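Participant: Structure in structure tokens, see below.
The values are calculated or read from the model by the stated rules, or taken from the named source; none is laboratory data. Given the structure is predicted, the values throughout are model-derived calculations rather than measurements. Don't worry about glycine lacking a Cβ; one is built from the backbone with ideal geometry, like all the others, and counts go over all protein chains shown. What goes into the accessible areas is simple: the full protein's heavy atoms, side chains included, and nothing from ligands, DNA or RNA. Shrake-Rupley method; radii C 1.70, N 1.55, O 1.52, S 1.80 Å.
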Amino acid sequence: MAVLNITYAGLSADFPLESGANLTDADLRRIAVEVVRGGGVRGLAHPALTDAAFDNYVVDRFTDPTGERRIYLRPKVPFGGRRSA
């Protein structure tokens, strides 16, 4: 079991995944489009969401100390990256 946290339009919500193992970033983006478009994520219902809505999003994967797997799908941010000298 894993939890997919999706951030979109300034809101963030969790969606339980039966299995987060072996899912590629592309798989996670596709799943996110389907569940957000279909209203399967509480508070994030966007029926007109495009197939490419999450194409430029970052996927972060973590396992907490209890072993729960969390996957975050979030927009890229303009800070926190490396700077060129």
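Participant: Show me 32-39, 59-66, 43-50 ranked by packing, highest mean number of other Cβ atoms within 10 Å first.
Facilitator: Most protected by this proxy first, the peptides run 32-39, 43-50, 59-66.
Participant: With a probe of 1.4 Å, find how much accessible area the range 13-72 has per residue, and write the answer as a whole number in Å².
Facilitator: 61
Participant: When the Karplus curve 6.51 cos²θ - 1.76 cosθ + 1.60 is applied with θ = phi - 60°, which whole-Hz ³J(HN,Hα) does each residue of the range 5-19 get, with x for Gly and Pro?
Facilitator: 9, 10, 10, 7, 6, x, 10, 9, 8, 9, 9, x, 10, 4, 8
Participant: Within the chain, what percent of beta bridges assigned by DSSP are antiparallel, to the nearest 5?
Facilitator: 70
Participant: From the phi of every residue in the range 47-56, what ³J(HN,Hα) in whole Hz does the Karplus formula 6.51 cos²θ - 1.76 cosθ + 1.60 yield, where θ is phi - 60° and glycine or proline is x?
Facilitator: Working through the residues one at a time gives x, 8, 4, 7, 4, 9, 4, 10, 4, 9 Hz.
Participant: Once P(r) over Cα pairs in 10 Å bins from 0, in percent is worked out from the coordinates, which option in (i) 17, 50, 26, 7, 1; (ii) 17, 49, 29, 4, 0; (iii) 19, 57, 24, 0 does it equal?
Facilitator: Here the calculated entry is (i).
Participant: A follow-up question, please. Quick check: at a probe of 1.4 Å, how many percent of the accessible area of the range 34-76 sits on carbon and sulfur atoms?
Facilitator: 52
Participant: Still on this structure, I have one more. Which FRET efficiency value, to the nearest 0.05, do you get for M1 and K76 by plugging their Cβ-Cβ distance into 1/(1 + (r/R0)^6) with R0 = 25 Å?
Facilitator: That pair, M1 with K76, gives E of 0.35.
Participant: Once amide H atoms are placed 1.01 Å from N in the peptide plane, what residues at a sequence separation of 5 or more from N5, or on another chain, have their amide H within under 5 Å of its amide H?
Facilitator: F15, I71, Y72, L73
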